[in-house]
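**Student:** Before anything else, here's the structure in question.
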Amino acid sequence: MMEPSVETVPVQELSPYELERGKPMPTLVHGAIQANLIVHIAVSYPNQYRIASEVALDTHPFGSTPDLVLYPASELDYKNDPSRRTDAPLLVVEIQSPSQSTKDMVSKLEPYFYFGVKSCWIVVPDLQAILVYDNPFHYTFFHGHEKLRDVTMNIELNLREVFK
C-alpha cells in the first residue's frame with residue numbers, strides 16, 4: 001500500500017519592510033498609483049496640503065504606516081521630526097496590494113478615525129476604484145472614469161488621472 005504524499009508549502013519570510021510597516025511590499029502598480037495621487041493632488045490643490053508617503057502614525061494599538069497622508073499645508077520642521085506622528089492627518093490613503101483582502105483594508109479604518117483622521121480612502125487597483133470613507137462604517141464608491149468627490153476634504157479627482 002502506498003503512503004499518501006504530503007506536499008509541504010515553503011514558508012515565505014517577511015522582509016524587514018513588511019515587518020516594520022505591517023503590510024506587503026509595494027508593486028509597480030501600487031507605486032504608480034501612489035505617485036499619480038501625489039502629483040494630481042499637489043497640482044490640483046497647491047499650497048493647501050502637505051502630502052507625504054509612508055509616514056508612521058501613533059494609532060492604537062500598534063501604530064500604522066499608511067501609503068499617503070495629507071496634513072494642512074505647513075512648513076517642514078527639520079529639527080523636530082518624530083519617528084511616529086502623534087497628530088492626525090486630515091486624510092489617509094491605503095492602496096490595496098494583491099495579497100491583501102478587502103477585509104484587511106477595511107480593518108485599518110477604525111484606528112485611523114479614532115486617531116482623528118477626517119477621511120480615509122481605500123484604493124482597489126484591480127477594480128480601478130477608490131472607496132472614500134467619511135467614517136469607519138460609511139463609504140462612497142468611485143470607479144472607472146468617474147470623478148472622485150470627497151466632500152469631507154473638498155477634493156475632486158479625475159480617476160482617469162489616478163489609474164493611468
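**Student:** In the set Tyr114, Tyr133, which member is over 22 Å from His30 (Cβ atoms) and in contact (Cβ under 8 Å) with a residue 12 or more places away in the chain? Before the answer, list the steps.
**Tutor:** Numbers: Tyr133 fails: over 22 Å from His30 (Cβ atoms).
That would be Tyr114, the only listed residue that is over 22 Å from His30 (Cβ atoms) and in contact (Cβ under 8 Å) with a residue 12 or more places away in the chain.
**Student:** Here's another thing I want to ask about it. So is Lys164 closer than 25 Å to Thr86 by Cβ and touching a residue at least 24 places away in the same chain (Cβ under 8 Å) or not?
**Tutor:** Values: closer than 25 Å to Thr86 by Cβ: no; touching a residue at least 24 places away in the same chain (Cβ under 8 Å): yes.
Considered against the rule, which asks whether it is closer than 25 Å to Thr86 by Cβ and touching a residue at least 24 places away in the same chain (Cβ under 8 Å), Lys164 comes out as no.
**Student:** Sticking with this structure for a sec: I'd like the full set of residues that are farther than 21 Å from Asn154 by Cβ and surrounded by 10 or more Cβ atoms within 10 Å (Cβ to Cβ), limited to region 68-85. Can you show your working first?
**Tutor:** Step one: filter region 68-85 for residues farther than 21 Å from Asn154 by Cβ, giving 75-85.
Those that are farther than 21 Å from Asn154 by Cβ and surrounded by 10 or more Cβ atoms within 10 Å (Cβ to Cβ): Pro82, Arg84, Arg85.
**Student:** Report those strands (runs of 3 or more DSSP E) wholly inside region 95-164 carrying at least 3 residues which are open to solvent by 40 Å² or more (accessible area, probe 1.4 Å) and not β-branched (Val, Ile, Thr). Steps first, please.
**Tutor:** Working: elements: 119-124, 129-135, 138-143, 147-150, 155-158.
Filter on region 95-164 gives 138-143.
**Student:** So, of the residues in region 31-67 that are open to solvent by 60 Å² or more (accessible area, probe 1.4 Å) and in a helix (DSSP H, G or I), which turns out to be nearest to Val123 (Cα to Cα)? Steps first, answer last, please.
**Tutor:** Our first condition is that a residue be open to solvent by 60 Å² or more (accessible area, probe 1.4 Å); within region 31-67, this holds for 39, 43, 46-48, 50, 60-62.
Going one step further and asking which of them are in a helix (DSSP H, G or I), we end up with 39, 43.
Values: Val39: 16, Val43: 20 Å.
Among residues in region 31-67 that are open to solvent by 60 Å² or more (accessible area, probe 1.4 Å) and in a helix (DSSP H, G or I), the one nearest to Val123 (Cα to Cα) is Val39.
**Student:** I'd like the residue in region 83-94 that is within 15 Å of the chain's Cα centre (by Cα) and assigned to a loop (DSSP other than H, G, I, E, B) and, out of all such residues, is nearest to Gly63 (Cα to Cα).
**Tutor:** Of all residues in region 83-94, those within 15 Å of the chain's Cα centre (by Cα) come to 88-94.
Filter once more, so that each one left must be assigned to a loop (DSSP other than H, G, I, E, B): 88-90.
Details: Ala88: 12, Pro89: 14, Leu90: 17 Å.
Residue satisfying both the conditions and the ranking: Ala88.
The values are calculated or read from the model by the stated rules, or taken from the named source; none is laboratory data. Note that the structure is predicted; figures quoted are calculated from it, not measured. We place every Cβ from the backbone using ideal geometry, glycine too, and count neighbours over all the protein chains shown. For the accessible areas, the whole protein counts, side chains as well, though only heavy atoms, and no ligand, DNA or RNA atoms are used. Shrake-Rupley method; radii C 1.70, N 1.55, O 1.52, S 1.80 Å.
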